[in-house]
1. Pick from the stretch A:365-404 the residues that are touching a Leu at 6+ places or on another chain (Cβ under 9 Å) and not in a helix (DSSP H, G or I): which of them is farthest from residue A:45 (Cα to Cα)?
2. Would it be correct to say that residue A:62 is within 16 Å of ligand 1 (Cβ to nearest atom), touching a strand residue (DSSP E or B) at 6+ places or on another chain (Cβ under 7 Å) and either more than 14 Å from chain B (Cβ to nearest Cβ) or modelled with pLDDT of 95 or more (or both)?
3. Restricting attention to the stretch A:285-306, and to residues there that are surrounded by 22 or more Cβ atoms within 10 Å (Cβ to Cβ) and closer than 24 Å to residue A:265 by Cβ, which single residue is farthest from the other protein chains (Cβ to nearest Cβ)?
4. Residues to consider are A:80, A:119, A:153; find the one that is surrounded by 18 or more Cβ atoms within 10 Å (Cβ to Cβ) and either in contact with a Cys (Cβ under 8 Å, 6 or more places away or on another chain) or among the basic types (Lys, Arg) (or both).
5. Could you check the stretch A:169-207 and list, in sequence order, the residues that are in a helix (DSSP H, G or I), buried (at least 20 other Cβ atoms within 10 Å of the Cβ), in contact with a helix residue (DSSP H, G or I) (Cβ under 7 Å, 6 or more places away or on another chain) and of a type outside the set (A, V, I, L, M)?
6. Residue by residue through the stretch A:248-263, note down the ones that are of a type in the set (A, V, I, L, M), buried (at least 18 other Cβ atoms within 10 Å of the Cβ) and within 14 Å of another protein chain (Cβ to nearest Cβ).
7. Looking at B:24, B:31, which is the one that is within 12 Å of chain A (Cβ to nearest Cβ), without any contact (Cβ under 8 Å) to a residue 24 or more places away in the chain, out of contact with any Leu (no Cβ under 8 Å at 6 or more places or on another chain) and aliphatic (A, V, I, L, M)?
8. Looking only at residues in the stretch A:264-283 that are more than 15 Å from ligand 1 (Cβ to nearest atom) and farther than 14 Å from residue A:317 by Cα, which one is nearest to the other protein chains (Cβ to nearest Cβ)?
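The values are calculated or read from the model by the stated rules, or taken from the named source; none is laboratory data. Note that the coordinates shown come from a computational prediction; the quantities given were computed from them, not determined experimentally. Please note: Cβ atoms are built from the backbone with ideal geometry, for glycine as well, and neighbour counts cover all protein chains shown.
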Amino acid sequence: MPRYSAFRIFAEGLRGNRGWTPTWRKAAPKPAYDVIVVGGGGHGLATAFYLAEVHGIRNVAVLERGLIGQGNTGRNTTIVRSNYLLPENNRFYEKSLQLWEGLEQSLGYNVMMSQRGVVNLFHNDAQRNAAMRRGNSMRLGGIDAELLDRDGVRAMCPLIDLDNGRYPVMGGLVQRRGGTARHDAVAWGFAHAADARGVDIIEHCEVTGMLIEDGAIQGVQTTRGEIRAPKIGLAVAGHTTTLTDMAGIQVPIETHLLQAFVSESLKPMIDCVVTFGAGHFYISQSDKGGLVFGGGLDGYNSYGSRGTLREAEHVFAAGVSMIPALGRLRALRSWAGVMDMTPDGSPYICKTPIHGLYMTAGWCYGGFKATPGSGWCHAWTIAHDEPHPLNAAFTLDRLRQGRALDERGNGPYPWMQ
Amino acid sequence: MRIPCPHCGPRDEIEFSFRGDASACRPTPGAGPDAFYDYVYTRTNPRGWTLEWWQHASGCRAWLQVRRHTVTHEIGAVTPAGPGA
Ligand SMILES: Cc1cc2nc3c(=O)[nH]c(=O)nc-3n(C[C@H](O)[C@H](O)[C@H](O)COP(=O)(O)OP(=O)(O)OC[C@H]3O[C@@H](n4cnc5c(N)ncnc54)[C@H](O)[C@@H]3O)c2cc1C
Ligand SMILES: [Zn+2]
């Protein structure tokens, strides 16, 4: 495995950088594996890594229909945090954040994790009370949370228009351990570390069918032939139902699209993550200098990875209300990804009615932060054929049992979660 | 997207509100929990043509049943909601 260090960069510099080799192998499919993971995004690659690292299961393939990391992993706004209200969620996301904190050491790869702080603004008494309640719930769970007044917000991000005529800012809830990571490096880092432990990462291999006998999974059909395995884990984000359809099972998921935007490159301007409370808007600045920002879903079911101007207009309007200086900038690019939205906005990391078929799905627009935690719990569930306590609540039948995990209290409308 | 409202003609999507899956039908009151579970939560989530409710919220305010393609965003038949719709 290629190892990365400051010394290595120096030495390669002297040798004209001719010694670098690809960081993972381009594997060809074998006829059978112990476990197949479908989907080469962060969640699938993390599942494979933790299967090998924690459970010693190394005869594993990750099947990706395109190139790894080019789904939502490579399209998201990279916000990492664990500031949830419900105990089931904040326990899980806190585990994930703790894995992020040690991720570079465990992968041997720089994922540029930057704990620059995430602040959620509030603009009225009701929002302040909700922020306080969420902050208290986090602190009860041992997670850092701090309530900022206006001066606190000003100190964190001086460009915010605190006295906005329509939406004056009252304060904010900050999680200082939250921040951002480099999206592509997360996929590459997990690929690097999984490959080094013997995992086959197979690109351009689309799963087109499931081999099921007597209610138990036997393998998959792919564009590169049949591949067999007694255990299969799905990690395909917005495409989950196209795979569960192949297995003949129904899951409560709707596919929706979410856009994101990046501005031209600028000198450092915003050194934390800020979310607006009077509209759907969040922003941070990448290390290249671009402001990375986004808002809510376009609001209708879609598998088309492109949004429309209606939501773009809302995002720009909210951004300029919060930070008027943004009005002087140009957006450089916009794009979209397809989300697996659930009726309660919480995920599924679970077994399925098919024996040996598992999934990590339903990540909505917030699964990047979950990448290590999802892989860790999914790997556990596959290895033990039962969920870990951290993901025991994320089952497929929780809605039927009346145990919805509806963080925002929005009701069973996936497009409003 | 541009949705042809049967009352107002083709209008920009910005005038409409999405109101969910129109293929789910409310069960009769005595149909039992499984039927209500399916009504509330079970969706086919097609990668292709769907049947949806859209309200012409900033226009005539009528509820419309819209056939739409979830990959191309192409709009098919649009009919006013009503008995039998
Ligand atoms: C615009 C946008 C902004 C976001 N912002 C944030 C954020 O700030 N913070 C946050 O926490 N989350 C955010 N998210 C959500 C986050 O990106 C996702 O939840 C997360 O990256 C999902 O990772 P994944 O590995 O499950 O999916 P993906 O990275 O999409 O990987 C799934 C893979 O499965 C492959 N696949 C699909 N079907 C098949 C098949 N039949 N056979 C083989 N392979 C297949 C796909 O090609 C894809 O590569 C955002 C998402 C978007 C789109
Ligand atoms: Zn009309």
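1. A:398
2. Spelling it out, residue A:62 is indeed within 16 Å of ligand 1 (Cβ to nearest atom), touching a strand residue (DSSP E or B) at 6+ places or on another chain (Cβ under 7 Å) and either more than 14 Å from chain B (Cβ to nearest Cβ) or modelled with pLDDT of 95 or more (or both).
3. Only one residue fits best here, namely A:285.
4. Details: A:80 fails: either in contact with a Cys (Cβ under 8 Å, 6 or more places away or on another chain) or among the basic types (Lys, Arg) (or both); A:153 fails: either in contact with a Cys (Cβ under 8 Å, 6 or more places away or on another chain) or among the basic types (Lys, Arg) (or both).
After applying the criteria, what remains is A:119.
5. Once the filter is applied, which keeps residues that are in a helix (DSSP H, G or I), buried (at least 20 other Cβ atoms within 10 Å of the Cβ), in contact with a helix residue (DSSP H, G or I) (Cβ under 7 Å, 6 or more places away or on another chain) and of a type outside the set (A, V, I, L, M), the stretch A:169-207 yields A:183, A:189, A:190, A:192.
6. Step one: filter the stretch A:248-263 for residues of a type in the set (A, V, I, L, M), giving A:249, A:251, A:253, A:257-258, A:260, A:262.
Those still in the list that are buried (at least 18 other Cβ atoms within 10 Å of the Cβ) too: A:251, A:253, A:257-258, A:260, A:262.
Answer for the stretch A:248-263, where residues must be of a type in the set (A, V, I, L, M), buried (at least 18 other Cβ atoms within 10 Å of the Cβ) and within 14 Å of another protein chain (Cβ to nearest Cβ): A:251, A:253, A:257.
7. Working: B:31 fails: within 12 Å of chain A (Cβ to nearest Cβ).
One residue alone meets the criteria, B:24.
8. So the residue we want is A:264.
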